[in-house]
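Written below as structure tokens is the structure these notes are about.
All of the numbers you see were taken from the coordinates with simple rules; none came from a lab. This is a predicted model, so every value here is computed, not measured. Reconstructed Cβ throughout: ideal geometry from the backbone, glycine too, with neighbour counts over all protein chains shown.
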Amino acid sequence: MNQHFPMTLKIIDPDIYDSSIMETFPASEAAIELSAKNCTFLAGLIRRYHPKTLLEVGVSAGGSSALFLHILDKLHLDSELVSVDLREQWTINAKFATGWAAKKLYPDKKNWHLYTGKFLPEIIEDLDVEFDFCFLDTVHKLPGECLDYLVVLPFMREGGIIAMHDTSLYYQVENAFATRVLFDAAVGHKIIPPQNTQSDANIAAFQISQDTYKYIINIFSALSFPWDYIVDKRQIQIYYDFFRKYYGREAAEYFLRISKWNNAHFLKKFREKVACKPGHRV
Ligand SMILES: C[S@@+](CC[C@H](N)C(=O)[O-])C[C@H]1O[C@@H](n2cnc3c(N)ncnc32)[C@H](O)[C@@H]1O
């Protein structure tokens, strides 16, 4: 055995699940987009770490918002939840507002703060909060959650928890590996549930340590994997300004270069795909 390597990976955490939470959680009314098992993982994290300030990015109907509010209630935690979503209307049915299900289940929650219609860098500074816990569940395709992780990190407490969903979605959806790339590229104390099924592997977390900051270059570097959608000029400018402020000019310029070549690469691939379609006329 090489002394530099441990005998086990020490990342699988058999005690992390808290299944008591799901017995009373109204999953279908909440229109949650997480499996029951994945919910028990989040419940276990909150039971263990007792975060006082939580941020979730990616709300949809508000299923995970409702879950967090439910878990906090059950654990008698007087914590604040901030939920952020780019869309004002529910992506699945635009007749409903983003977060509608959580609002219906918890109409009077004073500890829930929902922000919609903006990118995270446009919101996070004004919140003036240091977060203990963050849950990322947005695009799933690169650059996706990697960008918002870089936005969240300067506002997280050292020792705080970053959890993310859909870390194995790429088995079902082509190129949906943004959170897998993020989880694997990030450095920190990794926490994953026992992975007996593919669905168990669809959620993961890590605890921020000094090495998380030290090796942040991994995340900027991982952004050079091929992106799977066009990031428009406005969004690039917003994130460029943020990165310049919090990570410095070199990191921001690196992001800008990567954005240009990735957008060009995506367009090229897209045009080739369209040109190959039967019936396409040049
Ligand atoms: C998978 S759904 C979230 C599901 C929710 N967490 C749940 O478990 O019920 C993804 C959401 O992310 C939002 N979204 C996509 N890109 C985003 C971004 N850059 N910032 C914030 N929200 C984003 C979408 O509008 C959508 O509502």
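Give a residue-ordered list of calculated ³J(HN,Hα) values for the range 245-261 (Karplus: 6.51 cos²θ - 1.76 cosθ + 1.60, θ = phi - 60°; whole Hz; x for Gly, Pro).
Result, rounded to whole Hz: 5, 9, 10, x, 5, 4, 5, 5, 5, 4, 4, 5, 4, 4, 4, 5, 6.
By the gyration tensor of its Cα atoms, with a ≥ b ≥ c the square roots of the eigenvalues, what is the shape of the range 121-238: rounded for a/c under 1.5, prolate for a/b over b/c, or oblate? Please report the intermediate quantities before stating the final value.
Working: a/c = 1.68, a/b = 1.09, b/c = 1.54.
Taking the square roots of the gyration eigenvalues as a ≥ b ≥ c, the range 121-238 is oblate.
Measure off 7 Å from each Cα along the Cα-to-Cβ vector at S19 and K273, then give the distance between these two points in nanometres to one decimal.
With each label point 7 Å from Cα toward Cβ, the separation is 4.0 nm.
Under Stokes-Einstein, with the Kirkwood radius over Cα pairs standing in for Rh, what whole-number D in µm²/s applies to the range 19-229 at 10 °C and 1.306 mPa s?
On the way: Rh = 17.1 Å.
The calculation lands on 93 µm²/s.
Ranked from highest to lowest mean number of other Cβ atoms within 10 Å per residue, what is the order of the peptides 174-185, 208-219, 137-148?
Working: 174-185: 20.9, 208-219: 15.6, 137-148: 24.3.
Per-residue mean Cβ counts within 10 Å order the peptides as 137-148, 174-185, 208-219.
Are any of the pairs K52/K110; K74/K103; K103/K233; K141/K268; K118/K273; K52/K104 more than 26 Å apart by Cα-Cα distance, and if so, which? Walk me through the numbers on the way to the answer.
On the way: K52/K110 14 Å; K74/K103 18 Å; K103/K233 33 Å; K141/K268 18 Å; K118/K273 32 Å; K52/K104 24 Å.
Pairs exceeding 26 Å: K103/K233; K118/K273.
What residues have an amide H closer than 5 Å to that of L114, excluding those fewer than 5 places away on the same chain, when H is modeled at 1.01 Å from N in the peptide plane?
Amide H to amide H, under 5 Å and 5 or more residues apart or across chains, L114 pairs with S83.
What is the local net charge at S224, summed over the other residues whose Cβ is closer than 12 Å to its Cβ (Lys, Arg +1; Asp, Glu -1)?
Values: positive: R257, K260; negative: none.
Counting the neighbours of S224, the net charge comes to +2.
Between E253 and I92, what FRET efficiency follows from the Cβ-Cβ distance if R0 is 30 Å, with the result rounded to 0.05? Walk me through the intermediate numbers first.
Values: r = 38 Å, r/R0 = 1.26.
Given R0 = 30 Å and the Cβ-Cβ separation, E is 0.20.
Using R₀ = 25 Å, calculate the FRET efficiency as 1/(1 + (r/R₀)^6) where r is the Cβ-Cβ separation of Q3 and S221; round to 0.05. Mind showing how you got there, number by number?
Values: r = 28 Å, r/R0 = 1.14.
Efficiency, from the Cβ-Cβ distance: 0.30.
At what distance in angstrom do the alpha carbon centres of the range 167-239 and the range 21-38 lie from each other?
24 Å
Using the crude model of +1 on Lys and Arg Cβ and -1 on Asp and Glu Cβ, and no other charge, please compute the dipole size for the chain relative to its Cα centre, in debye to 20. Working shown, then result.
Working: 31 positive and 34 negative charges, 229 e Å.
Charge dipole of the chain: 1100 debye, to the nearest 20.
Can you give the local net charge around E145? Use residues other than it whose beta-carbon is closer than 11 angstrom to its beta-carbon, Lys and Arg +1, Asp and Glu -1.
Numbers: positive: K141, R180; negative: D137, D148, D166.
Result for the local shell: -1.
Just to be sure I understand the model, the point goes 7 Å from the Cα along the line to the Cβ. What's the resulting I236 to D128 distance in nm?
Computed distance between label sites I236 and D128 equals 3.5 nm.
Do the sum for the chain: with -39,500 (n - 2.57) for every DSSP H run of n ≥ 4, divided by all residues, what is the mean residue ellipticity at 222 nm, to the nearest 500 deg cm²/dmol?
Values: 11 runs with 111 residues, N = 282.
It comes out at -11500 deg cm²/dmol, rounded to the nearest 500.
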